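Structure first, commentary second.
Read-outs: derived from the displayed coordinates by stated rules, not from any lab. Not measured: the values here are computed from a predicted model. Cβ atoms come from the backbone with ideal geometry, glycine included; neighbour counts cover every protein chain shown.
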Amino acid sequence: MAQHNDLGKEGEELAVAYLEQHGYTILERNWTFQKAEIDIIAQKDEILAVVEVKTRSSTDFGLPQDFVKPKKIQLLVKAVNEYAISNDIDYKIRFDIIAISKDAARKFVIEHIEDAFYHF
């Protein structure tokens, strides 16, 4: 597996652990619908969190969250709409980003951005 794929998998593992530590229940990982993939679908109280995980080895070329583009947002909205219908979800859906990067000491830094974007 390519090194960037390893970094991405490691980032998703860190994101899952972070969410669980903060009271979320992980419902799905890498859930797909057509061309869209949702990294993590989690629930906390009456909120369904659709989480996009972005992991970077440095921030030299921008923050991880800057790499969530409008086309990706459009695909996430389409996928979560199908998920909500298929699973009869009747509570608030929130789109989050978990941005993970390495700091100067090469340690991972995790930033959870709630309501990172809104569907449109």
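When the Kirkwood radius is taken over all Cα pairs of the chain, what Stokes-Einstein diffusion coefficient follows at 4 °C and 1.567 mPa s, in µm²/s?
88 µm²/s
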**Message:** Taking the beta-carbon count within 10 Å as an exposure proxy, list Y24, Y18, Y118 from fewest neighbours to most.
**Reply:** Y118, Y18, Y24
**Request:** May I ask for the net charge around E82, where only other residues with Cβ less than 15 Å from the Cβ of E82 are counted and Lys, Arg are +1 while Asp, Glu are -1?
**Result:** -1
**Asked** Structure shown: which of K44/K92; K9/K54; K54/K107; K71/K92; K35/K102 lie over 20 Å apart, alpha-carbon to alpha-carbon?
**Response** K71/K92; K35/K102
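Give the residue list of trypsin sites (Lys or Arg not before Pro) in segment 3-35 that are DSSP loop and have at most 10 other beta-carbon atoms within 10 angstrom.
Loop-located and lightly packed - K35.
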**Antiparallel DSSP beta bridges within the chain, percent to nearest 5** = 65 percent
**Request:** Could you please report the charge total around I47, scoring K, R as +1 and D, E as -1 over all other residues with beta-carbon less than 13 angstrom from its beta-carbon?
**Result:** -3
